[in-house]
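Okay, so here's the structure we're looking at.
The values are calculated or read from the model by the stated rules, or taken from the named source; none is laboratory data. All figures in this text were calculated on a predicted structure; none of them were measured in a lab. FYI the Cβ positions are ideal-geometry reconstructions off the backbone, even for glycines, and counts take in every protein chain you see.
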There are 2 protein chains.
Amino acid sequence: MSVLITGAEDFLSSVQTSETPLTPDPEAFLRERAAASSFSVEQVPLGSLADWRLDDRISHSSGRFFTVEGLSVQTNFGPTPQWCQPIIVQPDIGVLGILVKRIHGVYHFLMQAKMEPGNSALVQYSATVQATPSNYQRVHGGKSTPYLDYFLNPGTRVVIFDQLLSEHSSWYLYKRNRNMIVEIPAHEEVPIAAEFTWLTLGQLRRLLARGNRVNMNARTVLASIAYALPGTPRGGGRESTEFHAAVVRSHQRQTGDGDVASAMTWLIDQKARFNLDVRRISLREMAGWICDEESIRHREGHYFRIVGLSVGATSREVAAWAQPMLRPNPGNVVTFVCRRRQDTLEFLVQAMAQPGATDRVELAATVQLTPGNYNGPQDLPPLAELLHCDPSWVVVDAVQSEDGGRFQHADTRHLVIQLPEHHPIEAPDNYRWMSLGLLNRLMRLGYYVNVETRSLMACLL
Amino acid sequence: MSVLITGAEDFLSSVQTSETPLTPDPEAFLRERAAASSFSVEQVPLGSLADWRLDDRISHSSGRFFTVEGLSVQTNFGPTPQWCQPIIVQPDIGVLGILVKRIHGVYHFLMQAKMEPGNSALVQYSATVQATPSNYQRVHGGKSTPYLDYFLNPGTRVVIFDQLLSEHSSWYLYKRNRNMIVEIPAHEEVPIAAEFTWLTLGQLRRLLARGNRVNMNARTVLASIAYALPGTPRGGGRESTEFHAAVVRSHQRQTGDGDVASAMTWLIDQKARFNLDVRRISLREMAGWICDEESIRHREGHYFRIVGLSVGATSREVAAWAQPMLRPNPGNVVTFVCRRRQDTLEFLVQAMAQPGATDRVELAATVQLTPGNYNGPQDLPPLAELLHCDPSWVVVDAVQSEDGGRFQHADTRHLVIQLPEHHPIEAPDNYRWMSLGLLNRLMRLGYYVNVETRSLMACLL
């Protein structure tokens, strides 16, 4: 999608609209939908999953959906030069799409109250459409995907955003989804199904601040929103808080071609510096892992396990199914550290290699911490001590779930920490301060900003 | 490098300059350098290569340079759904850089007369620097790489182009190099080593038209040159031929953000449509291939073979060495089909999956033909019949060598065919007409235009 940025003014006015008659109480809507659907989620042995086969890898009898395979990793990034791990391989490109429409003059987002079996809070707001080809081509013979055609065939409607973006590259190999925002003309009637409702960006922002109410797939699409057209800085003033005003101004900074070029050159330097060599191997060949009929798990209980999940539900495409899930050890944290610069904000990002990244290195948040991955303080990543900062520095603190269709109870604490003025900070060479405007521009160019960071960006809307 | 396009006017004036006192006779300079260096190239058994080991893969005793491995490929692109092949794995990011300087008011390019053992014409003009980290960190203990520091540490010099671009994705797995053009200020003195000389773009253009004089690494850097700043169309008139005037105008077309966005959406559609699943396997497990001490070759003699090469030379970083090389069957052709539209040119590109592509699909030329890959006319790619068109339609016809550091006698015929006005042409859905301006913009965004196409674009300068 390169650099065509549209809708910036409309998004800003929508985030400043915290109520709409179309959905007077977004929390109540979620509760009603959760009550209307009945489902049960139960952990079962991997070997008992109907239609799934466990041998050198885990695969579905249709050959579709995804596989779980072994991966051997070598890298000079981080404290561990070599390891094996299971990884989810899903080459299909899914569609994550949100429809927006100007209603009473304000952008509204058509959101779905959706159950995902892995989420701690089972029903959350998702994008209008989140569907892989395996879903929408109805491999299980399920229901058709509502609203899909608005994205596959937008016709003359305005495509505000359309880009392939990476997903969780520690757990997925080369996974990417098509993130889209499509605008429906104000005069076009859209039938609204029972699980769907219109929300303003202001409402979504409040739900994001509370945590576990807007799912991962919605967050990655929302993270594409830009409040600034390149080269057209505008005054703040109407924003609800002083911090939010600085956020909006950060969207307006470093958005010129020269800023992007200079950041790209730096990022290429980092790509040249870090190596990553991955090789798909048999699940049976993974040193350090146990693979049996029950689950796939690390010998010392680290990292995550692959388990079976049996789901009975009425609100999804099919009534009941069973599938493998990745269940991480608890305690994941992603943290953005920011500082004031003049009247705006800069965020400290790092160039990080992750095993499943399509191009080896993407920009990551300041601190991505997976406690189960570390044997002791010597393994902690740089700046991890900031997680114990003065509580008054914390400007965002919310627990959000990762993709509940593949990950079970993968709750990640999202933190944004604003350093006091003149607070000294020393970061390694692969760290760099960037404005939200620059991050947004880079994200629009492809696989440059990882999903953990984009999820934080959604919390900063 | 996103969309920062600089130097467009200077490149145009350089291509219109066909002579320079700094290099009165570029052909003579090449001949002199070839005469000044003595070398011998000899094919030897794979098993005899000192420092290289052949087991599940071919690797160097240092662990550096590259490996040759087996690859198992599954795809729905093209006539063959599944195959195995050897592939070169070289995760290092090399630098391909050209220094330019305004001399007597005109951009000159600092080119090196370089011997590469695989080339049919051994000594050709290469980029100022073509070096992998294995070279410039002197793994063989060879000479240092001249001019490298201008690219690794450009300082205040203008970086005109800096982007990671893919290499030959049928023969390399996920290979990319850093393509750079750096401008030296007119007042800065640069020491010129014996193998180096300054050429104008007009001289390079003539050498490109003759073929086998400008090597692959130089061509991919030159292909980044844009004659147009986005949004600033300019009149032609000074160009040497009517065709070249149309080429320059094609650089000035479809360079707006909306054109790029629409092309990207189409390309994402193609990426969603074609699948590609690759898995690195042992050389010994490749169905259909023989792997012994002599070479790795296909049972029916198709595609290419991996052979050993022993080189004695004085003009390279080390005096003598031996290495594996990929030797393709002869007959490769890459073809661009173009047509007039108003007073400009459009080129027919296709979205093509290639096994080594970082993101599965890139834009490819209209016809990429590797005769050894086809069992009969039923396997020929779409539009292959245009290779037998009326000779008066052919506007470019030159044989160019692929990377002579890895590929032996890989000569590819480069053809550009201009269809007569109103000539009907029917292409499948994964083909699309694009201007050179649009292709250039897409190329600047990353892995969007494959190296075969970029090499054709260099021939159209």
**Request:** Mind telling me which of the residues B:His302, B:His251 ends up being of a type outside the set (D, E, K, R), out of contact with any Ser or Thr (no Cβ under 9 Å at 6 or more places or on another chain), more than 14 Å from chain A (Cβ to nearest Cβ) and closer than 30 Å to B:Met457 by Cβ?
**Result:** B:His302
**Item:** All positions within segment A:407-461 that are away from every other protein chain (no Cβ under 14 Å), surrounded by fewer than 24 Cβ atoms within 10 Å (Cβ to Cβ), out of contact with any helix residue (DSSP H, G or I) (no Cβ under 7 Å at 6 or more places or on another chain) and of a type in the set (Gly, Ala, Ser)
**Value:** A:Ala427
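In segment A:3-57, how many residues are more than 30 Å from A:Trp289 (Cα to Cα) and among the hydrophobic types (A, V, I, L, M, F, W, C)? Spell out the reasoning first.
At the first step, the residues of segment A:3-57 found to be more than 30 Å from A:Trp289 (Cα to Cα) are A:3-39.
Checking the rest, the ones that are also among the hydrophobic types (A, V, I, L, M, F, W, C) come to A:3-5, A:8, A:11-12, A:15, A:22, A:28-30, A:34-36, A:39.
Counting residues in segment A:3-57 that are more than 30 Å from A:Trp289 (Cα to Cα) and among the hydrophobic types (A, V, I, L, M, F, W, C) gives 15.
Would you point out which residue out of A:Leu276, A:Leu283 is more than 7 Å from chain B (Cβ to nearest Cβ), within 18 Å of A:Gly356 (Cβ to Cβ) and either among the charged types (D, E, K, R) or crowded, with 21+ Cβ neighbours inside 10 Å (or both)?
Of the residues listed, the single one that is more than 7 Å from chain B (Cβ to nearest Cβ), within 18 Å of A:Gly356 (Cβ to Cβ) and either among the charged types (D, E, K, R) or crowded, with 21+ Cβ neighbours inside 10 Å (or both) is A:Leu283.
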**Request:** Please tell me if B:Thr75 is within 14 Å of chain A (Cβ to nearest Cβ), touching a residue at least 24 places away in the same chain (Cβ under 8 Å) and hydroxyl-bearing (Ser, Thr, Tyr).
**Result:** yes
**Prompt:** Of all residues in segment B:258-271, which are surrounded by 18 or more Cβ atoms within 10 Å (Cβ to Cβ) and within 7 Å of another protein chain (Cβ to nearest Cβ)?
**Reply:** B:Val260, B:Ala261, B:Met264, B:Ile268, B:Lys271
**Request:** Output the number of the condition that B:Ala365 fails; it satisfies all remaining conditions of (1) surrounded by 19 or more Cβ atoms within 10 Å (Cβ to Cβ); (2) small (Gly, Ala, Ser); (3) farther than 30 Å from B:Leu71 by Cα.
**Result:** (3)
**Request:** Inspect all residues belonging to segment A:342-354 and state whether any of them is without any contact (Cβ under 8 Å) to a residue 24 or more places away in the chain and either over 20 Å from A:Tyr172 (Cα atoms) or of a type in the set (Asp, Glu) (or both).
**Result:** yes
**Prompt:** On the given criteria, is B:Ser13 farther than 30 Å from B:Gln378 by Cα, at pLDDT below 90 and away from chain A (no Cβ under 14 Å)?
**Reply:** no
**Fill in**
Those residues of segment A:123-148 which are buried (at least 18 other Cβ atoms within 10 Å of the Cβ), of a type in the set (A, V, I, L, M, F, W, C) and away from chain B (no Cβ under 13 Å) amount to A:Val123, A:Ala127, A:Val129
**Asked** What is the number of the single condition among (1) part of a helix (DSSP H, G or I); (2) touching a strand residue (DSSP E or B) at 6+ places or on another chain (Cβ under 6 Å) that B:Glu9 does not meet?
**Response** (2)
**Request:** Within segment A:333-347, identify whether any single residue is within 14 Å of chain B (Cβ to nearest Cβ) and β-branched (Val, Ile, Thr), and answer yes or no.
**Result:** no
**Message:** Just the residues that are in contact (Cβ under 8 Å) with a residue 12 or more places away in the chain, surrounded by 12 or more Cβ atoms within 10 Å (Cβ to Cβ) and under 15 Å from B:Pro79 (Cα atoms), please, taken from segment B:375-401.
**Reply:** B:Asp379, B:Pro381, B:Pro382, B:Leu383, B:Ala384
**Message:** Please determine whether any residue of segment A:21-32 is part of a strand (DSSP E or B), exposed (fewer than 14 other Cβ atoms within 10 Å of the Cβ) and either in contact with a Lys or Arg (Cβ under 7 Å, 6 or more places away or on another chain) or without any contact (Cβ under 8 Å) to a residue 60 or more places away in the chain (or both).
**Reply:** no
**Request:** Give the residues of segment A:148-175 that are touching an Asp or Glu at 6+ places or on another chain (Cβ under 8 Å) and polar (S, T, N, Q), sorted by residue number.
**Result:** A:Ser166, A:Ser169
**Request:** State yes or no: is A:Gly356 buried (at least 19 other Cβ atoms within 10 Å of the Cβ), within 14 Å of chain B (Cβ to nearest Cβ), not aromatic (Phe, Trp, Tyr) and not in a helix (DSSP H, G or I)?
**Result:** yes
**Prompt:** Which members of segment A:323-348 meet the condition of being crowded, with 19+ Cβ neighbours inside 10 Å and over 23 Å from the mean Cα position of the chain (by Cα)?
**Reply:** A:Thr344
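Scanning for something of a type in the set (Lys, Arg), closer than 22 Å to A:Leu445 by Cβ and surrounded by 13 or more Cβ atoms within 10 Å (Cβ to Cβ), does segment A:177-197 turn up at least one residue?
Filtering segment A:177-197 down to residues of a type in the set (Lys, Arg) leaves A:178.
Keeping just the survivors that are closer than 22 Å to A:Leu445 by Cβ gives A:178.
Imposing the further condition that a residue be surrounded by 13 or more Cβ atoms within 10 Å (Cβ to Cβ) reduces the set to A:178.
Yes, that holds for at least one residue.
Could you check segment A:289-339 and list, in sequence order, the residues that are among the basic types (Lys, Arg) and modelled with pLDDT of 95 or more?
A:Arg297, A:Arg299, A:Arg305, A:Arg327, A:Arg339
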**Asked** If you go through segment A:199-243, how many residues are touching a His at 6+ places or on another chain (Cβ under 8 Å) and either of a type in the set (D, E, K, R) or modelled with pLDDT of 95 or more (or both)?
**Response** 3
**Message:** Kindly evaluate B:Lys101 against the criterion of being charged (D, E, K, R), within 25 Å of B:Ile225 (Cα to Cα), over 17 Å from the mean Cα position of the chain (by Cα) and not in a loop (DSSP other than H, G, I, E, B).
**Reply:** yes
**Asked** Can you name the residue in segment B:149-173 that is crowded, with 21+ Cβ neighbours inside 10 Å, within 12 Å of chain A (Cβ to nearest Cβ) and not hydrophobic (A, V, I, L, M, F, W, C) and, of all such residues, is farthest from B:Ile87 (Cα to Cα)?
**Response** B:Asp162
